[in-house]
Amino acid sequence: MTSTPQPLTLALSKGRIFEETLPLLEAAGVEVKDDPETSRKLILDTSRPDLRIIIVRATDVPTYVQYGAADFGIAGRDVLYEHADTHSRGLYQPVDLNIARCRLCVAVRENFDYHAAVRQGSRLRIATKYVRAAREHFAQKGVHVDIIKLYGSMELAPLVGLADAIVDLVSTGNTLKANNLVAVEDVAHISSRLIVNQAALKTRGAELRPLLNTFAQASGA
């Protein structure tokens, strides 16, 4: 008796990355049968019996791929940079898909003179979940900072005196504006990358490579 091969597993997060991945899947002739925004399912079937999608937190995508729970995935450069601070063995990053583009920025209250504080050598308190990126950014500028790690509601930190500034992702800037914050400095330009489990690429390359190539071509990479 021959066993049915396990389907390829693609790890994605909800939201913008998922939505901007749909055209890449369509280019590969793949239709997703469930909407993660309305379905409670965490494993989504597709129109291809040999491909399924798992929905995980954005920060967990590299972990699922690295340890082989997913064969490949799509993750933002911000997430991959922080993940690499711990370990990135077993991960191959072949393509920048140029989707879910945004900026990682320093933002402060509208009435806070950030540039004067930097010139005067003030020690700043920075709230962020992007600890590695923030620490390296300010180290390169020679600015002394205390990093406060937060996981959400970042914009609140300067408003209640927890921090002088935040380092966070900015897309339209509407959330900053609604909370009387302003972006004062770019840390990095962010887009999402295709990541692949290296062992899967060796053992299931014949199945994976056509999908990877189609994604790259559809994204213009």
(message) Just the residues that are crowded, with 21+ Cβ neighbours inside 10 Å and either outside any helix (DSSP H, G or I) or assigned by TED's automatic domain parsing to the domain that holds PHE138 (or both), please, taken from region 57-90.
(response) ALA70, ASP71, PHE72, GLY73, ILE74, ALA75, GLY76
(request) State which residue is surrounded by the most Cβ atoms within 10 Å (Cβ to Cβ) when the search covers only region 180-207 and only residues that are hydroxyl-bearing (Ser, Thr, Tyr) and under 20 Å from THR9 (Cα atoms). (result) SER192
(request) Could you check region 109-220 for strands (runs of 3 or more DSSP E) lying wholly inside it with 3 or more residues that are of a type outside the set (Val, Ile, Thr)? (result) 124-128, 165-170, 181-197
(request) Under 6 Å between Cβ atoms, at least 6 apart or on separate chains: pull out the pairs that start in region 119-143 with a residue that is within 15 Å of ASP186 (Cα to Cα) and in the same structural domain as MET154 (by TED's automatic domain parsing) and end on any residue that is part of a helix (DSSP H, G or I) and at pLDDT 95 or above. (result) ILE126/ALA134; THR128/ALA134
(request) Could you figure out which of (1) surrounded by 12 or more Cβ atoms within 10 Å (Cβ to Cβ); (2) modelled with pLDDT under 95 isn't true of PRO210? (result) (1)
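Could you please find all residues in region 28-56 being polar (S, T, N, Q) and touching a helix residue (DSSP H, G or I) at 6+ places or on another chain (Cβ under 8 Å)?
If the condition is that a residue be polar (S, T, N, Q) and touching a helix residue (DSSP H, G or I) at 6+ places or on another chain (Cβ under 8 Å), then THR46 is the only one that fits.
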(message) If I go through region 7-27 residue by residue, how many of them are outside any helix (DSSP H, G or I), in contact with a helix residue (DSSP H, G or I) (Cβ under 9 Å, 6 or more places away or on another chain) and surrounded by 14 or more Cβ atoms within 10 Å (Cβ to Cβ)?
(response) 7
(request) Tell me, yes or no, whether region 154-167 has at least one residue that is farther than 17 Å from ARG109 by Cα and surrounded by 12 or more Cβ atoms within 10 Å (Cβ to Cβ). (result) no
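The values are calculated or read from the model by the stated rules, or taken from the named source; none is laboratory data. Note that the structure is a prediction, hence the values are computed from the model and not measured. All Cβ positions, glycine included, derive from the backbone under ideal geometry; neighbour counts span all protein chains shown.
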